[in-house]
Amino acid sequence: MILALPVLGAFPARADTPAQKLVAAVREQTRHRVTYDGAYTRIPYPMGDVAADRGVCTDVVIRGYRTALGIDLQQKVHEDMKAHFALYPKAWGLKRADSNIDHRRVPNLRVFFKRFGTVRPVGRQASDYAAGDLVTYNLPGNLPHIAVVTDPVQHLIVHNIGAGPKEERALFGYDITGHFQYGL
């Protein structure tokens, strides 16, 4: 069962480690109004982004990494897809990598994090997770989803599941399909 309760006052005063910086960056996103919008949009490359008031679950991750750690997932995913296109899903009928959208697709991020991050076990205990971990899910309707763990003890994640970035007690609320650490 999902306890989708907003968490108030849970923002840390310090962010010293890469994981703490990532958590602070995704929590900051929860303070801004963002309309859920996954539409294909032409964006600059590298360091491109859709409008700040638009986004989906992947944009929470992308913006968090860019803000907290200076990591441009748009460029990293695009370069890997250009070099190793056959390793990535073909669900969208693309014939080549596309820097406008590839990094905004959960299945592509899963491949990228498997290749360049640390694959962690998918567990059912809070102790299996750490703040800053990335968790992918399969939502009802077979929809892929991604979130950043902010406090595993309280089962907290930051994600955008349709109402903008939110911090919720939902770590175990959906079918977990992947668990990764990257850049931490």
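The values are calculated or read from the model by the stated rules, or taken from the named source; none is laboratory data. Treat the numbers as computed from the prediction; the structure is a model and nothing was measured. Neighbour counts run over all protein chains shown; Cβ positions are idealised from the backbone, glycine included.
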Any hit, the range 26-49, residues being touching a Leu at 6+ places or on another chain (Cβ under 6 Å), assigned to a helix (DSSP H, G or I) and modelled with pLDDT of 95 or more: no
| field | Boolean, Leu184 is out of contact with any His (no Cβ under 6 Å at 6 or more places or on another chain), within 25 Å of Tyr40 (Cα to Cα) and outside any strand (DSSP E or B) | value | no
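Matching residues to (1) surrounded by fewer than 20 Cβ atoms within 10 Å (Cβ to Cβ); (2) under 10 Å from the mean Cα position of the chain (by Cα):
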site	(1), (2)
Leu134	no, yes
Leu139	yes, no
Pro144	no, no
Val148	no, yes
Val153	yes, no
Arg169	yes, no
Leu184	yes, no
If we keep only residues of the range 57-112 that are small (Gly, Ala, Ser) and more than 19 Å from Gly38 (Cα to Cα), then the residue nearest to the chain's Cα centre (by Cα) is Ala68
Taking the range 113-130 and the residues there that are among the charged types (D, E, K, R) and part of a loop (DSSP other than H, G, I, E, B), the one that is farthest from the chain's Cα centre (by Cα) would be Arg124
